[in-house]
There are 2 protein chains.
Amino acid sequence: MEPVRVAAVGLGRWANVLADAYTRSDNVKLVTCFSRNPAKRDAFSARYGCGQDESLEALLRRDDVEAVIVTVPNDQHAGVIEQAAAAGKHVYVEKPIAIDLADGLRIQRAIESAGVAFLCGHSARHLGGLRAIKGFIASGEIGDVSMIEATFGNERGLELKATDWRGDPSKAPGGPLTQLGVHQIDNLQYLLGPVKQVFCFGKPMYTSVPNETVLQTVMEFESGQMAYLGTNWACPGHFMLNVYATRSNLFYDLDFSWWSNSKTTYEHSTLMRTQFASFSDDPDNRVLRKSLVQFAPTDHLRDEMEDFANAVRTGEPVEIDAALAVRNLAVVIAALRSAHEGRMVTIAEVLQQA
Amino acid sequence: MEPVRVAAVGLGRWANVLADAYTRSDNVKLVTCFSRNPAKRDAFSARYGCGQDESLEALLRRDDVEAVIVTVPNDQHAGVIEQAAAAGKHVYVEKPIAIDLADGLRIQRAIESAGVAFLCGHSARHLGGLRAIKGFIASGEIGDVSMIEATFGNERGLELKATDWRGDPSKAPGGPLTQLGVHQIDNLQYLLGPVKQVFCFGKPMYTSVPNETVLQTVMEFESGQMAYLGTNWACPGHFMLNVYATRSNLFYDLDFSWWSNSKTTYEHSTLMRTQFASFSDDPDNRVLRKSLVQFAPTDHLRDEMEDFANAVRTGEPVEIDAALAVRNLAVVIAALRSAHEGRMVTIAEVLQQA
């Protein structure tokens, strides 16, 4: 297919991580970039051999730009996306779609009324292990799932300064829940369907910023199944997702060191399956067997961008559209409300009030 | 030391598992046994080469019995222990100490007024991995702990018949939470101190009995730290305890197949430590290192019995006395009340009402 011509908008660290990934794809061609900071524009443009524009308006007027890759701060997503959609540009935005539901719904309306393609970058469901787990559940091979345990964290909170947007609850509410946990929320809704209600303990720990750095959330799904999500900014990096089903347990673990180098993430991940090697009537005489599951390599950041490019070219639906991204955000907001108010919160409650 | 002469009271499956362990100890000598079922008495007596008594009263009158190992059903613990303590016998009881707090407190009073030694069999804290984790926390070597994730389950709920006491909420309230999870609750209070409050989602899943078979609980401790506990009777066996601290994460995993064969449990367990191999200012350029932690072998069921025997001989305190066992039970009861009422429950609330 003819590569989709994209422009990078917002040129912080993550714009570079993403560009490293999508410039490996034959389906995407980076043509220009924009940041308010000229030094960042020069650096990005030089690194990736693309053009640059001096304003968002100028970039959006270009006929050779079909789509924008939005990595501006979370609280600026809505404004940028409204402009881009109004200009007829397709939109990729980094997760979370926004940090409040009003902004999330503004984005959803702007996309729907412009009729452009849209994808929110919950790349984790493109990890090979997640694809394999989804297959095991869909085929029924592991039996019926009762619960999942997911955890995602790193040391980011230990280094936060008062001036860092990540430490500001109005810019990154719930810290690691908004920035990391939302990946696992997408994974959990991918595997189990919509969350119904949540409870969360969360607080700032081992930091001087006022934002939560450690949060533990339990969830009940509309299906009746349950899940736990641990998110932490006060420890070395980790990412796990463990599935408990009637005939097997699955343990997926990846080395966070390689998260943002998405072509290598696969090599540093394992999916272990536990099942019975023998099943005696005597419960003291049953032996479990662990076996490594082989699964197809993926490049999660490149692959999500190829899903987006396919939607631009063919009009086919993406996996993670605005409605689903809003629903992922609603779970974050429900969990934070739960942590602040010490009570169980339903997703319906937060959606109704948005 | 002179071995403590013990009698086994209640001769179900677990009495055999325990006897296999404590008959390996030089500090314990099994002299007699009792069950209302003569066939069970004959079998146990023949298997372990000990005597047998036709009534509990006769057993408790024997001068050559110093202590009783109580493995009668949970709801009969209090009556048996009151009789034993009144007869001046030291008491080991299998966990949980009881299934309601009134019984737990009856046991605590009976032990204290008789002045006998008492230990409740939360053997899991005698696992080598738990000892090593406690050492890492106490020394400060892994930094400050923010959260722990613990999980313990097996397939028991998938086989429950309507007549099985395990499926009856009045005999085994909360199923795997009472029977398995209480081990992890003891581990968590061993590592982080007293639990302050809890929230739990729990329900019967993949069973026809009315008892919960899957429960997910989050806890906040008086220290401010947090933990999650997953308990499940609808999947293959598993036991994990993961600690997240500012300088390292610790992942402890054991193969449940070998749980009740306590001299081999050690060989089928691993403790993995994650820490930074290099720490660049650039978060995309930090590499984590996993390393297996070596720790001393233990035999958790034998070792807890040796702690008990030592207390009998020396009068020194045991690790898990009646007050602590009641506190472990209180966390179970708070979690179940939370699951039934859909709200956060404090330990103070359930203790005040007992």
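Only one entry of A:Asp299, A:Asp281, A:Asp307 meets the criterion of being over 20 Å from the mean Cα position of the chain (by Cα) and of a type outside the set (A, V, I, L, M, F, W, C), and that entry is A:Asp281. Considering only region B:34-76, state which residues are within 21 Å of B:Val116 (Cα to Cα), touching a residue at least 40 places away in the same chain (Cβ under 8 Å) and either acidic (Asp, Glu) or in contact with a Pro (Cβ under 9 Å, 6 or more places away or on another chain) (or both). Hits for region B:34-76 are B:Asp64, B:Glu66, B:Asn74.
Inspect region A:232-239 for any residue being more than 8 Å from chain B (Cβ to nearest Cβ) and touching a Pro at 6+ places or on another chain (Cβ under 8 Å) and give the result as yes or no. Yes - at least one qualifying residue is present in region A:232-239. If you check A:Ala87, A:Ala138, A:Ala67 for being surrounded by fewer than 19 Cβ atoms within 10 Å (Cβ to Cβ) and within 21 Å of A:Leu30 (Cα to Cα), only one passes: A:Ala87. Of the strands (runs of 3 or more DSSP E) lying entirely inside region B:1-83, those carrying at least 1 residues that are at pLDDT 95 or above and among the basic types (Lys, Arg) are B:4-9, B:28-34. Within this structure, B:Ala309 fails the test of being in contact with a strand residue (DSSP E or B) (Cβ under 8 Å, 6 or more places away or on another chain), crowded, with 24+ Cβ neighbours inside 10 Å and within 17 Å of B:Ala227 (Cβ to Cβ). A single entry from B:Ala46, B:Ala58, B:Ala39, B:Ala19 fulfils the requirement of being crowded, with 16+ Cβ neighbours inside 10 Å and hydrophobic (A, V, I, L, M, F, W, C): B:Ala19. Name the single residue, out of those in region A:1-33 being touching a Lys or Arg at 6+ places or on another chain (Cβ under 7 Å), free of Cβ contacts under 8 Å to residues at least 40 places away in the same chain and hydrophobic (A, V, I, L, M, F, W, C), that is nearest to A:Val72 (Cα to Cα). Here the answer is A:Cys33.
Among residues of region A:132-151 that are within 13 Å of chain B (Cβ to nearest Cβ), those with a beta-carbon under 6 Å from a residue that is among the hydroxyl-bearing types (Ser, Thr, Tyr) at least six positions away or on a different chain give the pairs A:Ile142/A:Ser248; A:Gly143/A:Thr246; A:Asp144/A:Thr246; A:Asp144/B:Tyr206; A:Ser146/A:Tyr244; A:Met147/A:Tyr244; A:Glu149/A:Tyr228.
Just to verify a result, which residue in region A:268-288, among those that are assigned to a strand (DSSP E or B) and at the interface with another protein chain (Cβ under 9 Å from one of its Cβ atoms), is surrounded by the most Cβ atoms within 10 Å (Cβ to Cβ)?
Per the stated criteria, the residue is A:Thr274.
Residue by residue, here is whether (1) of a type outside the set (Phe, Trp, Tyr); (2) more than 8 Å from chain B (Cβ to nearest Cβ); (3) surrounded by fewer than 23 Cβ atoms within 10 Å (Cβ to Cβ) holds:
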position	(1), (2), (3)
A:Val214	yes, no, no
A:Gly224	yes, no, yes
A:Leu241	yes, yes, no
A:Tyr266	no, yes, yes
A:Leu292	yes, yes, yes
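Residues that are in a loop (DSSP other than H, G, I, E, B), aliphatic (A, V, I, L, M) and under 17 Å from B:Val116 (Cα atoms): does region B:313-327 have at least one? Yes, because at least one residue in region B:313-327 is in a loop (DSSP other than H, G, I, E, B), aliphatic (A, V, I, L, M) and under 17 Å from B:Val116 (Cα atoms).
The values are calculated or read from the model by the stated rules, or taken from the named source; none is laboratory data. Keep in mind that this is a model prediction, so the values were computed, not measured. No Cβ is skipped: glycine too gets one built from the backbone with ideal geometry, and neighbour counts run over all protein chains shown.
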